[in-house]
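The values are calculated or read from the model by the stated rules, or taken from the named source; none is laboratory data. In this text, all values refer to a predicted model and were calculated from it rather than measured experimentally. In this analysis, Cβ positions are derived from the backbone assuming ideal geometry, glycine residues included, and neighbour counts consider all displayed protein chains.
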């Protein structure tokens, strides 16, 4: 029995480790569930085993015994795997229908497919660019109205008194925008919350996040981003672009929208997970490219996040999509800025040009950069740590949509009032400069002809603030202003991420980093002898921004390239790389990256690159699920319907077996069939009896399966009459005749590698006689992870 | 080479003769397709004067005739030199407070004129182009550099925005502003002695009027106006300390601390009243057999 196995193996581990082993939280945690399960479903077959288990495990307390009756409930934490998430079918089912279709397809047919792939990538680029352009223009226009209104109000009340009214006006404006965005997200599409990067990461990893690539999600994401940026939250519009690009890709490549119930009857070949995944990675790349003006960065982002399914032609196509996307954005922004054809706005965020003479760096500055990278790592870890606990609190207590909306509104109001207070009490006045014209200069209590320097950072969209931190002349900000700004914005951004609004964390991180980086620059310049200009604050602001962003999101290669491309200066490649490297190393020492934390908190069965390091001693036998629900090759319809309707199991893949003997023992494996296929078969009533009686009936084709994709109807919606239940179904034609199999002795890392590299969904475990003994799925593999006490196991939970 | 040289000598010769004949009437020879160079506002200098003013030049060992600069060009050069020095003489005293536009616009106008005469590609009386001989013959390009300095200065100070076209005079807007400015400054002077609060009260209307006028003016303003306004603002805000006081600290603090208080209530109440979300644990089916246990133990031992 596996729990005994487990027990023994763990205790033996414990013996080796000394006293620590027995007391590991894993041990108790993983044991308890098993007992209760046995009680609830233990059949006669396992009776003996269970008894023996009880005999063996004497430390089970009475309390645990009493808890066996009902499933155990625990508060949400990061060590769970949700049942909600399923795998995507990245492995192609090579059944007879597939082979038939392939045979029918001519050479030109394949050529056309290749061409339409390129066409789709082009379309993805164009549409993603247009969406980015739309977001940018709307945000710019509406934000202008908002800030002009507040500015006028403040100017009026500075003179006659009553600035608290301006404060309330500002808060109410923010409040109402955020309310709209948050209602959209919380009530209509919760999956559109946040930046969407964790979700896309999961999708490319092979996890099906419900509703993540739907048109409705896209619409709500776009509106939500606009609302939250205009609402003055500490957020950016760049992260959501990646999600938007992915949705566009998933939609365009299918040639239809299930939401709109429109089918253009094109691109039908691409209606399956394998093809869709490739386009989604192109869409994500196009999104990055539009957000940062970084086409290569976009490709590398897709590579970093979904690299297990990659080939050279795909890379080239993705690069094409990225380029088209940044070009489209560039072109349409130039039209909206009234200088058509001036292609100087490659991305939503424009870092400006870093080309001036004193922005060059010297060899002796590299250690300084590395030190800043370490600071960024520490601050990033702190950010993630705070956000982790905040998110847990939110999942546990703030889970009702109306509470989420209220929370978002409160954050908006507090952001406004904190900003206002900071501006109000700031004594940092700077002369107005016609060259670096501030967009909304606030005078407040400054002398005439001067403006409040704090207001340039708070009283502006975050993108503009980042740019002014990078490029304003030395002396524009005094250190106190920057210090206060950094601290305030750090906590605001940390508080904001994870709210039920669509918003990204890139820009706030850059802004925090740019502020303290500039602070470092000012400090270094004051150390250096007078007249020396090597410590240009703008350069250090850039390095600080890179360090902070790296410390929070922990991306490596793609982030380096994105930043280098966004600054447009290749010579910054080395310092940015070193900074990100240091930030990641230092940050990983304390805490994981923000996206990984959120993936974990969502209880997603995410497969990392490698199996946990110390897991070679685990064999498939302990990892797999067993016993397996198998179907016979010619199975009674009633049995199939019953199996599919069983809500307690909800399996998705069923090994197909042929009975060799009349014994009760498992029979030989001959194929694998998916729930979705069975449902389509049931819907079309492909029964053996009917096939004989109705010869005119059209033969089922692969097209019928594709038409039902991706929203296969639930089994409850399929009506099967009592007579039909007695019919038989021949699965030979439809099952995958050559599923991947492993033997029971295969080690976990080996299975893991196979699973990850091939993008499998089910891996059948067989014994030496080709009999099915178990099934390995994503959740079986994803539950092992390396914790503080060695290998730990996550629980499966209903969420 | 020799052919070209010969031609040049011939041309110069002809032009020189023509120049001597016609110069005094201020016209050049209209021969063939040559256009009459119109030189507005450029008075012709008698050639005698020309010789006098370039005495040092004549001390130099002279080049062969074909490389010498024609008298016409020398004349243009002398005019340029005269106006250049006039303009600079005007500029320097106008540096502080900045009045470079309103005081020296006419000087710049005539300097520009002189330069235009040199740099136009119209042929002189002896069918030669002074642009080539004066401006492009050497690496230094003194005339060009000198003028472009002045031009830069002019453009940087945005003088075009307060001078009428063709350098006729200061434009209305600027005059109006300067008038208002003088009013304000005289007001300042009147109340300067003693308590500044008096000044702040009494000059407020004229200062405000000036400020509004300034902001209503065009976006780019010439340096004179800008500097005058800056100085007045500094006087007003720094010297006389008439800026807005920070008057309602209490109200702002009250409102913002109320806002800060709301989330605390929110989180506390949701912690206390909202039921904690629990997750039901599901128990996976696992293989149960002694054989596997044995195997593991074997393997690990």
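So is residue A:516 surrounded by 19 or more Cβ atoms within 10 Å (Cβ to Cβ), within 14 Å of chain B (Cβ to nearest Cβ) and farther than 22 Å from residue A:348 by Cα or not?
Against the criterion (surrounded by 19 or more Cβ atoms within 10 Å (Cβ to Cβ), within 14 Å of chain B (Cβ to nearest Cβ) and farther than 22 Å from residue A:348 by Cα), residue A:516 does not qualify.
Of all helices (runs of 4 or more DSSP H) completely enclosed by the range A:588-689, which ones contain at least 3 residues that are over 30 Å from residue A:388 (Cα atoms)?
A:620-623, A:637-645, A:675-683
When the residues of the range A:145-174 are narrowed to those that are farther than 20 Å from residue B:253 by Cβ and within 14 Å of chain B (Cβ to nearest Cβ), which ends up surrounded by the most Cβ atoms within 10 Å (Cβ to Cβ)?
Looking at residues that are farther than 20 Å from residue B:253 by Cβ and within 14 Å of chain B (Cβ to nearest Cβ), I get A:173.
Filtering the range A:605-622 down to residues that are crowded, with 22+ Cβ neighbours inside 10 Å and under 26 Å from the mean Cα position of the chain (by Cα), which residue is farthest from the other protein chains (Cβ to nearest Cβ)?
Filtering the range A:605-622 for residues that are crowded, with 22+ Cβ neighbours inside 10 Å and under 26 Å from the mean Cα position of the chain (by Cα), the one farthest from the other protein chains (Cβ to nearest Cβ) comes out as A:611.
Which one is surrounded by the most Cβ atoms within 10 Å (Cβ to Cβ), of the residues in the range A:445-490 that are out of contact with any helix residue (DSSP H, G or I) (no Cβ under 8 Å at 6 or more places or on another chain) and within 18 Å of residue A:415 (Cβ to Cβ)?
Once the filter is applied, the top-ranked residue is A:464.
Please count how many residues of the range A:542-565 are within 20 Å of residue A:382 (Cβ to Cβ) and over 18 Å from the mean Cα position of the chain (by Cα).
Here the count works out to 6.
Whether any residue in the range A:382-392 is in contact with a strand residue (DSSP E or B) (Cβ under 9 Å, 6 or more places away or on another chain) and closer than 30 Å to residue B:266 by Cβ is what I want to check.
yes
Which condition does residue A:256 not pass, out of (1) within 20 Å of the chain's Cα centre (by Cα); (2) buried (at least 17 other Cβ atoms within 10 Å of the Cβ), if it passes all the others?
(1)
This table checks each residue for (1) touching a residue at least 40 places away in the same chain (Cβ under 8 Å); (2) farther than 23 Å from residue B:101 by Cβ.
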residue	(1), (2)
B:123	yes, yes
B:132	no, yes
B:139	no, yes
B:152	no, no
B:170	yes, no
B:173	yes, no
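Mind checking which residues of the range B:241-285 are more than 7 Å from chain A (Cβ to nearest Cβ) and either under 30 Å from residue B:157 (Cα atoms) or not in a helix (DSSP H, G or I) (or both)?
Listed by number, the residues that qualify are B:241, B:242, B:245, B:275.
Hey, which of the helices (runs of 4 or more DSSP H) in the range A:705-799, taking only ones fully inside, have at least 3 residues that are away from every other protein chain (no Cβ under 13 Å)? I'd like the intermediate steps shown before the answer.
Numbers: elements: A:722-725, A:748-758, A:778-782.
Helices (runs of 4 or more DSSP H) meeting the threshold: A:722-725, A:748-758.
Of everything in the range A:440-467, what is over 23 Å from residue A:493 (Cα atoms) and either more than 10 Å from every other protein chain (Cβ to nearest Cβ) or modelled with pLDDT of 85 or more (or both)? Give them in sequence order.
A:441, A:442, A:451
Being over 32 Å from the mean Cα position of the chain (by Cα) and either at pLDDT below 85 or surrounded by 13 or more Cβ atoms within 10 Å (Cβ to Cβ) (or both) is true for just one of B:209, B:247. Which residue is that?
Just a single option satisfies the conditions, and that option is B:247.
Within the range B:252-259, is even one residue surrounded by fewer than 20 Cβ atoms within 10 Å (Cβ to Cβ) and modelled with pLDDT under 85?
No, there is no match, as no residue in the range B:252-259 is surrounded by fewer than 20 Cβ atoms within 10 Å (Cβ to Cβ) and modelled with pLDDT under 85.
Report yes if some residue within the range A:544-557 is out of contact with any strand residue (DSSP E or B) (no Cβ under 9 Å at 6 or more places or on another chain), at pLDDT 90 or above, assigned to a helix (DSSP H, G or I) and farther than 29 Å from residue A:386 by Cα; otherwise report no.
no
Of the residues A:288, A:296, which single one is in a helix (DSSP H, G or I) and within 19 Å of the chain's Cα centre (by Cα)?
Working: A:296 fails: within 19 Å of the chain's Cα centre (by Cα).
Checking each option against the conditions leaves just A:288.
Where in the range B:162-230 are the helices (runs of 4 or more DSSP H), entirely inside, with at least 2 residues that are under 17 Å from residue B:243 (Cβ atoms), touching a helix residue (DSSP H, G or I) at 6+ places or on another chain (Cβ under 7 Å) and within 13 Å of another protein chain (Cβ to nearest Cβ)? Before the answer, list the steps.
On the way: elements: B:172-191, B:196-202, B:204-216.
It comes to B:204-216.
Kindly indicate which of A:125, A:196, A:109 is buried (at least 21 other Cβ atoms within 10 Å of the Cβ), out of contact with any strand residue (DSSP E or B) (no Cβ under 9 Å at 6 or more places or on another chain) and closer than 30 Å to residue A:275 by Cβ.
Exactly one of A:125, A:196, A:109 is buried (at least 21 other Cβ atoms within 10 Å of the Cβ), out of contact with any strand residue (DSSP E or B) (no Cβ under 9 Å at 6 or more places or on another chain) and closer than 30 Å to residue A:275 by Cβ, namely A:125.
So, residue B:238, is that one more than 22 Å from residue A:418 (Cα to Cα), within 7 Å of chain A (Cβ to nearest Cβ) and not in a helix (DSSP H, G or I) or not? Give the derivation first.
Details: more than 22 Å from residue A:418 (Cα to Cα): yes; within 7 Å of chain A (Cβ to nearest Cβ): yes; not in a helix (DSSP H, G or I): no.
It is false that residue B:238 is more than 22 Å from residue A:418 (Cα to Cα), within 7 Å of chain A (Cβ to nearest Cβ) and not in a helix (DSSP H, G or I).
Check off (1) surrounded by fewer than 23 Cβ atoms within 10 Å (Cβ to Cβ); (2) free of Cβ contacts under 8 Å to residues at least 40 places away in the same chain; (3) under 19 Å from residue A:349 (Cβ atoms) for residue A:296 and give me the number that stays unchecked.
Exception for residue A:296: condition (2).
Please identify the pairs in which a residue from the range A:261-283 that is over 24 Å from residue A:323 (Cβ atoms) has its Cβ atom under 7 Å from the Cβ atom of a residue that is part of a helix (DSSP H, G or I), counting only partners at least 6 apart or on another chain.
Listed by first residue and then by second, the contacts come to A:268/A:703; A:268/A:706; A:269/A:113; A:271/A:706; A:272/A:706.
Conditions tested, residue by residue: (1) within 14 Å of chain B (Cβ to nearest Cβ); (2) at negative phi; (3) outside any helix (DSSP H, G or I); (4) surrounded by fewer than 19 Cβ atoms within 10 Å (Cβ to Cβ).
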site	(1), (2), (3), (4)
A:300	no, yes, no, no
A:319	no, yes, no, no
A:332	no, yes, no, no
A:366	no, yes, no, yes
A:374	no, yes, no, yes
A:383	no, yes, no, no
A:389	yes, yes, no, yes
A:392	yes, yes, no, yes
A:399	yes, yes, yes, yes
